[in-house]
Amino acid sequence: METSVDEVVRFNKVSKAFGQVEILKGVSFSVRRGEVVALIGRSGSGKSTALRCINGLERVSGGELHTCGHAMHASAVDLAALRREVGIVFQSYNLFPHLTVAENVMLAPRKVRGMARKAAHELAMHVLRQVGMEERADYYPEQLSGGQQQRVAIARSLAMEPRLMLFDEVTSALDPELTGEVLRVIERLAADGMTMVLVTHEMAFARSVADQIMFMHQGIVWEAGSGKLLDEPTTPELRQFVGNGL
Ligand SMILES: Nc1ncnc2c1ncn2[C@@H]1O[C@H](COP(=O)(O)OP(=O)(O)OP(=O)(O)O)[C@@H](O)[C@H]1O
Ligand SMILES: [Mg+2]
């Protein structure tokens, strides 16, 4: 089956094992263009694994997974092409310390997309403006707060002009104030129509920004729905998770 043009990601009974241990046991959900999907669940429930399958950092063991039209379960996947379309941001920002903010952001457009220096710089300033960091373009990473570095890391992904952005607990290393400024950047991206899948422990944020919430438990999507899901969980497992998580 082909994915519809509107579907950016589609999991169809996806499984993933590490050795003998099956972590994903038949995950099914789709992400439509412009949609924000939040993956929540207990530590070890497979949220990061599912996210990493989307851009091929992990290979699925069974089922079908389509990302931006690429069949990720197929034997040959054009990972280089895929990664130009899918950005990912992790908890750690890993900016190059010896490069300025602008140079960090320009790197991939220059090297991967072969852009000229001037065009890459203009693009860098554009995406830095999107994350509110254009005034720090000439700073070095060590001169920035954790939240500012994370916003630069988001800008660096945006500079590839991705069709899909993946976020894995991008605020877990930040204190509450810095967390807020990063979450506002993500909210703005959502409002601008970016398609996103995000793993988060910030339940209030998930409720407000996500079109769909996927509660992962025992290797499957245990319960799914809109933000209301968190106020009115159906399963005892989600009720317990929300009770502990808020
Ligand atoms: N490369 C790997 N090799 C072996 N086991 C792995 C590997 N990556 C993840 N796992 C296991 O898969 C399970 C799910 O891990 P995953 O990182 O997806 O969980 P998570 O839901 O993101 O948890 P957390 O909220 O703590 O980040 C864990 O039991 C983990 O130990
Ligand atoms: Mg994780």
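What follows is calculated from the coordinates using simple rules that are stated; it is not laboratory data. Note that the structure is a prediction, hence the values are computed from the model and not measured. Here the Cβ positions follow ideal geometry from the backbone for every residue, glycine too, while neighbour counts run over all protein chains shown.
With the simple spin-label model, which puts each label point 7 Å out from Cα in the Cβ direction, the A116 to A74 separation comes to 3.6 nm.
Below 8 Å between Cα atoms, with a sequence gap of 6+, how large is the relative contact order for the range 52-138 in percent? Answer for the range 52-138 is 18 percent. For K13 and H201, a Förster radius of 30 Å and the Cβ-Cβ distance give a FRET efficiency of 0.65, rounded to the nearest 0.05. What is the helix-to-structure angle for 117-130, meaning the angle in degrees between its Cα long axis and the longest Cα principal axis of the chain, kept from 0 to 90 and rounded to the nearest 10? Computed tilt is about 50 degrees. Annotation: amide H-H contacts under 5 Å for T195 (H modelled 1.01 Å from N, sequence separation of 5 or more, or interchain): G34, M165.
Given R₀ = 25 Å, what would the calculated FRET efficiency be for N94 paired with R129, taking r from the Cβ atoms and rounding to 0.05? Provide the component values of the computation, followed by the final result.
Numbers: r = 22 Å, r/R0 = 0.89.
Calculated transfer efficiency: 0.65.
In the chain, what percentage of the DSSP-assigned beta bridges are antiparallel, given to the nearest 5? Don't skip to the answer; put the middle values down first.
Working: 21 of 39 bridges.
Of all bridge pairs located within the chain, approximately 55 percent are antiparallel.
Gyration tensor over the Cα atoms of the chain: the corresponding equivalent ellipsoid has semi-axes (square roots of 5 times the eigenvalues, largest first) of 30, 22, 15 Å.
Cα-based radius of gyration for the range 95-161, normalised by 2.2 N^0.38 Å, reads 0.96.
Once backbone amide H atoms are built at 1.01 Å from N, G41 has M216 as its partners under 5 Å, excluding neighbours fewer than 5 places away on the same chain. Counting only alpha carbon atoms, the long axis of helix 146-158 and the longest principal axis of the chain meet at about 90°.
Taking the chain as the reference, fit the longest principal axis to its C-alpha atoms, fit the long axis of helix 176-191 to the helix C-alpha atoms, and give the angle between the two in degrees, 0 to 90, nearest 10. That works out to roughly 80 degrees. For the range 95-161, a crude dipole built from +1 on the beta carbon of Lys and Arg and -1 on the beta carbon of Asp and Glu, taken about the Cα centre, is about 260 debye to the nearest 20. Label-to-label distance for D192 and E142 is 3.1 nm, based on points extended 7 Å past Cα in the beta-carbon direction. Centre-to-centre, using Cα atoms only, the range 203-246 and the range 111-184 are separated by 29 Å.
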